[in-house]
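Read-outs throughout are calculated quantities, based only on the coordinates presented, and are distinct from any laboratory measurement. Because the structure is predicted, anything quoted here is derived from the model rather than measured. In this analysis, Cβ positions are derived from the backbone assuming ideal geometry, glycine residues included, and neighbour counts consider all displayed protein chains.
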Amino acid sequence: MLMRPNTTALFSVYRGLLLTGALTSSLVMASANALASEDGLQPSDEAAAETQSAAVLKEAIPLAPNVDLAAPQPEGIETPLAETTSDPKPAPTGASFVMFGTEVAPATSTRLAWSPEQSLDGLAASVPVLVVNGAQQGPVLCVTAAVHGDELNGIEMVRRLLYNIDPAKLNGTVVGVPIVNLDGFRRNSRYLTDRRDLNRFFPGNPRGSSASRIAYEFFNKVILNCEVLVDLHTGSFHRTNLPQLRANLKNDDVRELAEAFGDMVILHSTGSKGTLRRAATEYGIPSVTLEAGEPLRLQKKAVDRGVKGLRHLLSHMKMYGKRNSRVVREPHYYKSTWIRADQGGILFSEVKLGERVKPGELLGTITDPITNVRSEITSPYTGRVLGMALDQVLMPGFAAFRIGIQTSEEEVMKGTIPDPKLAARVSISRPKLNAAERAPAVEAVPNTAPSLDDPVAEE
Ligand SMILES: [Zn+2]
């Protein structure tokens, strides 16, 4: 399906497809059926159900309390919906949004909860889901964070985005899940309790491993409600990422989604198998991953950058805010590679995140704290530092610098991108103790040729 300039219209098509169950995927159908039966309806009754009066539907589906996310208030103090109707603003023309069997009326916002059924009943912790349902019709945008429990920047991005949307001025629906992996978050861990990476199990399997079951439930109960998905992440394991989008640029819908963030770097990748982004895209929900900063920290600059991009997306999709006509577009990076350390030791970087580098340029030094042998890591490419290890003690083989190689799609198609086997070199030198002891630098040792799109645990 090609994306046309009128994205709103297109996203409405997606929504229509999902709602009518026209997608032939069995999972989607299963989900639609589950939803229908929860509402006490048989799938075949769907058409008939549409003709039922709103009053009957209102009885069947509980109405979510209107929690004004723009002005937080303690739980229990709920604004009755009747008050909103007396508002002088024009009457909402949008539709109700139904999630977890609860109806969210147009022009209201609320907090819902998703409970994975894979826990001990008495210990089950529900994952908060924030919903802002606009007064007017529009697409359903979902923003998920902390699928890796130690990635905190996205949690704050969701908070800032969702709590600053006035539902009366919103077209469509924004769903925010601040902490998908609540279990990992509580332990400062990337992983689930069973030490599995949740972001390798989507769309999941109801009879699979614990991780696979959680993924299945989340995908069916939350993600299949979305028409567009942004999954928020950070670098992994003492690495940091320049705020950037990961997107399958060969999918036109995904490309348009990524470009709607404005001036943000885009790195092409299909995504590892089992990532939420890849699974959702394969189900016809255009998805990107937004990477920003490092794990286990809250970084204001990275958060600011992410929120700016998300707001740009909302305005581009004609959902919220003024549309910014003048957009400076960042180049797209179709290829990237991790430069690994061939020697263990103390890493000190000589470049900053986002810096442009040339072949042979020094990226960092690694010094063995015991033998004082020092090696240098240089860039094999002309490109930009999109990710890097923080200064630390590292072991040989650790992915230290991710270089994005600026390329056009034509270059990728023609195969004229730089050869990764060229000159990825690490030179090892002896410590310069004094003139007598000074040994000539050991001849440059060819680094193991880095492979493009080298999968390092991330996303
Ligand atoms: Zn992540």
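Under the shape rule built on the C-alpha gyration tensor, where the axes satisfy a ≥ b ≥ c, the range 184-328 is oblate, since a/c reaches at least 1.5 while a/b does not exceed b/c. Look at ILE405, ILE61 and count the other Cβ atoms within 10 Å of each Cβ; fewest to most, that gives ILE61, ILE405. Amide hydrogen proximity for ASN181: with H placed 1.01 Å from N in the peptide plane, the residues at 5 or more positions away or on another chain lying under 5 Å are VAL147.
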